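> Here it is: the structure, laid out below.
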Amino acid sequence: MGHSFARGLGRGVIDTLRLTAEQAIDLLERREASGGELHNAYLTAIDERDPELHAFLTTVPEAGGDGVPIAFKDVISTRGVETTAGSKILAGYRPVYDATVAARCRDAGLPLLGKTNMDEFAMGSSTENSAYGPSRNPWDPERVPGGSSGGSAAAVAGGLAPWALGSDTGGSVKQPAALCGVVGLRPTYGTVSRFGIIAFASSLDQVGPITKTVRDSARLYRIIAGRDACDTTTVALPEPVELPASDDLRGVRVGVPKELNEAEGIEPGVSEAVARAIDLCRELGAEVGECGLPRSVEFGLPCYYLIAPSEASSNLARYDGVRYGLRAAATGIRDMYEQTRDEGFGDEPKRRIMLGAYALSAGYYEAFYGQAQKVRTMIRDEFAAALERFDVLLSPTSPTVAFPLGAKTENPLAMYLSDALAIPPNMAGLPSLSIPCGLSEGLPVGLQLIGPQFSENLLFRAGHALEQALAFDPVPARLA
Amino acid sequence: MTGWEAVIGCEIHVHLQTETKMFCRCATGFGDPENTRTCPVCLAHPGSLPVPNERAIEWTIRLGLALGCEIAPRAVFHRKNYFYPDNPKGYQISQYDEPLCISGSFAVPGPDGEKRVGIVRAHLEEDAAKNVHVGGSGGRIHGADRTLVDFNRAGTPLVEIVTAPDLHSADEAKRFLQLLRQTVRELGISSAEMQEGSMRFDVNVSVRPEGSDELRTRTELKNINSFNFAAQGIDREIQRQIAIYEAGGEVEQETLHFVPGREDAPPLRSKEEAQDYRYFPEPDLVPIEPSAELVERARADVGELPGARIERLEAELGYVLAEGLVTSGRDELYSRTAGDRRTVANVIMNELAAAAVDPAAVDPQELGKLVEARERIPRDAFTKALAASGDAGFSAQDYLGEALIADAAELDPVIERVLADNEDQAAAYRAGKEGLLGFLVGQVMRETQGKANPRIVNERLREKLKA
């Protein structure tokens, strides 16, 4: 496929496949393109390539702002624009209000391009759990883009959006970013408002940018982060977001947690790419050492699969057919509830609602949810100890590269393992950044950088330096 | 109920009359058109999040202090999960094992001295919406054609107070509830109007052999909206349980629902359903950690409690009048009105109340003048004056002009005329039908247009009839 051209006013070529948000800002500032032209260029790209990728569930025809257009995962409430969370139960639902992140993007002048596909209620790692059909990986349409923010990652990688927002509960920004060869930030819990984000697991959900570059990530994070009076779990950033400029890693202590790098199931090609990135850190002047996170890696995933479904079982109770969304035609309230939820939810939400309701029920609470909370504290302590010795920890983001559609749909546990490396820092409330660090079998490999709470500036600095040195080409070979 | 002792505990729900709801900025209010006080938060739209109402937290602390509670250094909101159309999120945000106020003790004066009622906890939660059943038989869920939901009430801050099972009779429970209501009102946190539903209570009742300290199976009386119905219901339930035990039976754990509007009828019984609410800490909210300044500010807002005032007034009035004045919010007027203490109390408690005058609108000085003149002016003049005593600019003097005729010289000619006109009745009285005196007094009062002093008329009539 060729490049995309701006619709209408042909002042210049807008190469949506390569254009970073920062470059788009330059175009706007130099008045070489208008917001409307940018918006149109991406809509054209969507018309061209989205029939194959299915990254978008909804597009917005009119540019509502003169900035760099953006795509939102369909979990972000957008006033008047259909927001489904990838679920049939919310088909046709149009929010009456904007999520805080949507309002902040609008206030920054970013026009909405559209809403991207996702695993239903952000539950999944491949976007195959979307009630509206899977998205496909721009690097290989026979493969998944990862998930649950697969639509946002595919949109950015496929040149259908210069940048996008996703949400990350157990790796849902980082893992698809890794599988699509783009940059994904999962911010420190509490730095980005969840107000208007359709909840999956409240104590873990965090919105994060999916971008082509680390600097774009920092720019978008700067727009969305900060305390929000509508979300009492948010805090003010302790320091302003800085755009990274340094090309070296001098003075940065890089830790390589053994268990996160040697976990079962990590593909050799992934390990090799990550090992090369670690070597590069030394070349860039970082001190590199090994450390251990044995309990975080062993218990992170099981602990996550108690806490997240428990919270989800409660968060998804509101979809009852009474006020909005799907309502089954049934007589009697009990039948209406049961049929609405049976018809409206797919298998994965049902599975997690049952898991969670069980883990919270009387007599099991202490053994499951209560215990998981204690383990979570232990994971937090273990990370804190490692981060006393090191500034940044490195590991693969995902144990594998993008896998073929259907490869894991029959085995939920295999699918869950796709997030085994991304989940532990999330359980500790820590920020982490995934950047592409090379190819394995022609598919992108993601490198995960983990830092202490509120260390986004450091992650951007390290990510940017590595990005410059790695010189990864984010344009999928088959589209270039 | 000889040989048996009742064991009664109460759960009281009080709406806090904050300007806005517990977790959103919608106005609270009673009687607004349906679903006009709603927003994405209280309608549980996807993605909406709760933000706690700080005033509601402060008021709950104020109430907790008035109930003698400790204020927890850290309180946690929990989610109570259940499905019902009036519960939009599918969970209610409430407090569970870490409530805001704990371990209180509330003094309730009684005719036989003070009773201390243990307060297990007072916690903050949000109220549900209101289901309105339409069609079918008059608002009842059974037989209704459909159910509509009014979300105006959804998210109204609600304090739940749970007492220890320290009450032992229907009267005691009623006294406690009345005093609690007055306390809540005086704290300025709620009108505690049961008709509006801003105060509701459930009562748990069991009985045990006198002298025992066991706790037997209890039944729960729900949806009570008047103190009298509470007392009746408790009494009925105590008698029922005693009868069961005396017949060798066992009381079953069940809930008795009062039917709104038919509270004097026996309540509907239902088996207690063991429901698992899957409580867990609300992840959308951080724990409440009240600062020392906040607690001290709340403490400063607690004035002299009504219970203490009952004890203070009891010495001069006796328990019944003291309790009546205080729990009806009339004791301030009483204290500020000069005059014979009992007379003042009786006038305020009985006559002023019967005239439906707001005691807060009455000028105590003018009321004092009226009370002082009570014996000297015609009965209906006094009644009229009382009825007007709450009006702006009321002056007792306007009603004191018509003093009663107490002068025998003025009354005697009238009395003689009446006796002459009613010879038969006078003769019958003299023959022993003393009940006819009242008739004759009435005739004199009529002749004088009610201006005669009835005491003097009585005396003079007796004397003349003796003659």
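Just so it is clear, none of the values below were taken in a lab; they were calculated from the coordinates. Here the structure is a predicted model, which is why all the values come from computation and not from measurement. For neighbour counting, all protein chains shown are included, and Cβ atoms are generated from backbone atoms with ideal geometry for every residue, glycine included.
> Quick check: the angle from helix B:408-421's long axis to the longest principal axis of chain B, C-alpha only, nearest 10 degrees?
So the inclination is approximately 80 degrees.
> Calculate one ³J(HN,Hα) per residue across the range B:379-396 by plugging θ = phi - 60° into the Karplus curve 6.51 cos²θ - 1.76 cosθ + 1.60, and present them in order as whole Hz with x for glycine and proline.
4, 6, 5, 5, 4, 5, 4, 4, 4, 8, 5, x, 6, 5, x, 4, 10, 4
> Using the alpha-carbon atoms, what tilt in degrees (0 to 90, nearest 10) does helix B:436-447 show relative to the longest principal axis of chain B?
The answer is roughly 90 degrees.
> Considering only C-alpha atoms, what is the centroid distance from the range B:21-96 to the range A:35-111, in Å?
Cα centroid to Cα centroid, the span is 33 Å.
> Per-residue Cβ counts within 10 Å, from other chains only, averaged over A:320-331: what number is that?
3
> Return A:E456, B:E246, A:E348 ranked ascending by Cβ neighbour count within 10 Å, so the fewest neighbours appear first.
B:E246, A:E348, A:E456
> Among A:A357, A:A384, A:S296, whose Cα projects farthest towards the positive end of the dipole of the range A:288-434, with charges put on the beta-carbon of Lys, Arg (+1) and Asp, Glu (-1)?
Highest projection toward the positive end goes to A:A357.
> Hey, got a sec? Which GluC sites (Glu not before Pro) in the range B:411-467 land in a DSSP loop and have at most 13 other Cβ atoms within 10 Å?
In loop regions of the range B:411-467 (DSSP not H, G, I, E or B), the sparsely surrounded GluC sites (Glu not before Pro) are B:E434.
> Using the Cα centre as the reference, give the magnitude of the dipole from point charges on the C-beta atoms of the range B:408-466 (Lys, Arg: +1; Asp, Glu: -1; all else neutral), rounded to the nearest 20 debye.
It works out to roughly 180 debye.
> Per-residue mean of other chain beta-carbon atoms within 10 angstrom of the beta-carbon, peptide A:91-98?
The shielding value for this peptide is 2.
> For chain A, what is the Kirkwood hydrodynamic radius in Å, using each pair of distinct C-alpha atoms?
21.9
> For a test of understanding, tell me how many lysine pairs in the range B:4-299 have Cα atoms under 26 Å apart, given they are 8 or more places apart or on different chains.
Lysine pairs, 8 or more places apart or on different chains, close enough: 17.
> Take the Cα pairs of the range B:326-428, get the Kirkwood Rh, then feed it into Stokes-Einstein at 25 °C and 0.890 mPa s and tell me D in µm²/s.
The estimated diffusion coefficient comes to 160 µm²/s.
> Can you sort B:H257, A:H54 by how many other beta carbons sit within 10 Å, fewest first?
Sorted ascending by nearby Cβ count, the order is B:H257, A:H54.
> Further, regarding this structure: What Kirkwood radius, in Å to one decimal, follows from the Cα pairs of the protein assembly as shown?
32.6
> Within straight cross-link reach of B:K384, meaning Cα distance under 18 Å, which lysines are found once same-chain residues fewer than 8 apart are removed?
Of all the lysines, those that pass the test against B:K384 - Cα under 18 Å, at least 8 places apart if same chain - are B:K369, B:K451.
> In whole angstrom, how far apart do the alpha carbon centroids of the range A:383-434 and the range B:193-250 sit?
For the range A:383-434 versus the range B:193-250, the Cα centre distance is 57 Å.
> Using the beta-carbon distance between A:R282 and A:A385 and R0 = 22 Å, what value does 1/(1 + (r/R0)^6) give for FRET efficiency, to the nearest 0.05?
0.40
> Using amide H atoms built 1.01 Å from N in the peptide plane, name the residues 5+ places from A:T78, or on other chains, whose amide H lies under 5 Å from its own.
Residues meeting the amide H criterion: A:A99.
> How much of the calculated P(r) for the range B:78-229 lies past 27 Å, in percent of all Cα pairs?
Taking all Cα-Cα pairs of the range B:78-229, the fraction more than 27 Å apart is 34 percent.
> Taking each pair of distinct Cα atoms in the range B:142-224 once, what is the resulting Kirkwood hydrodynamic radius in Å?
The Cα-based Kirkwood calculation yields 15.7 Å.
> Straight-line reach from A:K408: which lysines have Cα under 28 Å away, leaving out those fewer than 8 places along the same chain?
Those lysines meeting the cut-off are A:K73, A:K88, A:K115, A:K174, A:K212, A:K258, A:K350.
> Just to verify a number: FRET efficiency for A:M354 and A:E272, C-beta to C-beta distance, R0 = 45 Å, to 0.05?
The pair A:M354/A:E272 has a calculated efficiency of 0.65.
> Ok, one more. Say each of A:R323 and B:A408 gets a label point 7 Å from the Cα, pointing the same way as Cα to Cβ; how far apart are those two points in nm?
So the label points at A:R323 and B:A408 sit 8.2 nm apart.
> While we're on this one: Which of B:K89, B:K115, A:K174 has the fewest other C-beta atoms within 10 Å, and how do the rest follow up to the most?
B:K115, B:K89, A:K174
> Over the whole of B:81-89, what's the average partner chain Cβ count within 10 Å per residue? Rounded to a whole number, please.
Mean shielding by partner chains, rounded to a whole number: 5.
> Now for a separate question. From the P(r) of chain B, could you give the percentage of C-alpha pairs in the tail past 28 Å?
Taking all Cα-Cα pairs of chain B, the fraction more than 28 Å apart is 64 percent.
> May I pose another question? In whole Å, how far is the Cα centre of the range B:344-418 from that of the range A:144-192?
Cα centroid to Cα centroid, the span is 83 Å.
> Could I ask something else about it? Taking the dipole about the Cα centre of the protein assembly as shown, with the C-beta of Lys and Arg at +1 and of Asp and Glu at -1, give me whichever of B:G104, A:A24, B:A231 is farthest to the positive side.
Result: A:A24.
> Could I ask something else about it? What's log10 of I(q)/I(0) for the range B:408-466 at q = 0.15, 0.22, 0.25, 0.30 Å⁻¹, Debye sum over Cα points only, no solvent?
Result of the Debye calculation: -0.35, -0.78, -1.01, -1.44.
> Assigning unit charges at the beta carbon (Lys, Arg +1; Asp, Glu -1) and nothing else, what dipole magnitude in debye, to the nearest 20, does the protein assembly as shown show about its Cα centre?
920
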